[in-house]
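Written out below as structure tokens is the structure these notes cover.
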Amino acid sequence: MEPEEVKSAVEALLFATDVPLNLDRLESLVGNGRPAPIREVIEHLNQEYWEQRRAFFIAEVGGGFQMATRSQYGPWVKKLFLGRTETRLSPAALEALAIIAFKQPVIRADIQAIRGVDCGGVLGTLLDRGLIRITGRSEALGRPLLYGTTKKFLRYFGLNSLSDLPKPKEIEELLQQQREGEQRVENQTKQVAGSGGDRGSEEVRSSD
């Protein structure tokens, strides 16, 4: 195939798919058994999209590639789905999912020990949503099931691999920054309230 044909074929495949396609899959579909510089083709396409100020690009996510809209067009895309039922993960589910993501493979007892509450229902929800899977059995007493995340988990959070997860230290730094920001806002609020009270007292004294 000519380079332009390869580029058009890759673009067509990525428009048509509803799941990420990895390089091996794309090469097998486009190259007719011969290796094709698919990553280079994708880089060229993304460069064209950027120069033409297109609303979409090819994202590397979930171990593969998929078309995605740019974040600044999110408000318009959301309007398209208004009225459709969207089931979001509960805080409890997100908490359990975070534990599994960072501790995997992990057994239910360890998840419950960290959360402090039973997580049977939450695990069932995450399994039904395809965000976690059973990876095997532990060697511990009773050989309990081990849980880990799936490729759908990566796509759900826009990650290419588990190595893209923030490190615990980074999370703690972000939380610390958030706490400091909240403290600054609280202090500023107190200062404004205090200065307002002082002005009120001055007005009362001046009226006397």
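Structure data summary
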{"read-out": "Residue that is surrounded by the most Cβ atoms within 10 Å (Cβ to Cβ), among those in the range 1-53 that are over 28 Å from the mean Cα position of the chain (by Cα) and within 30 Å of Gly130 (Cβ to Cβ)", "value": "Val30"}
{"read-out": "Helices (runs of 4 or more DSSP H) lying entirely in the range 105-208 (those with 1 or more residues that are at pLDDT below 80 and surrounded by 10 or more Cβ atoms within 10 Å (Cβ to Cβ))", "value": "168-207"}
{"read-out": "Conditions (1) on the phi < 0 side of the Ramachandran plot; (2) out of contact with any Lys or Arg (no Cβ under 7 Å at 6 or more places or on another chain): number failed by Gly136", "value": "(1)"}
{"read-out": "Hey, Arg70 charged (D, E, K, R) and surrounded by 14 or more Cβ atoms within 10 Å (Cβ to Cβ) or not", "value": "yes"}
{"read-out": "Selected residue [in contact with a helix residue (DSSP H, G or I) (Cβ under 6 Å, 6 or more places away or on another chain) and over 30 Å from Ala9 (Cα atoms)] from Ile99, Ile38, Ile58", "value": "Ile99"}
{"read-out": "Boolean, Leu94 is more than 30 Å from Arg137 (Cβ to Cβ) and without any contact (Cβ under 8 Å) to a residue 60 or more places away in the chain", "value": "no"}
{"read-out": "Residue that is nearest to Ile38 (Cα to Cα), among those in the range 61-96 that are of a type in the set (Gly, Ala, Ser) and either in contact with a helix residue (DSSP H, G or I) (Cβ under 9 Å, 6 or more places away or on another chain) or assigned to a loop (DSSP other than H, G, I, E, B) (or both)", "value": "Gly64"}
{"read-out": "Residue within the range 78-92 that is in contact with a Lys or Arg (Cβ under 6 Å, 6 or more places away or on another chain) and at negative phi present", "value": "no"}
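The values are calculated or read from the model by the stated rules, or taken from the named source; none is laboratory data. Everything numeric in this text was worked out from a predicted model, so none of it was measured. When we count neighbours, we look across all protein chains shown, and the Cβ atoms used for this are built from the backbone with ideal geometry, even at glycine.
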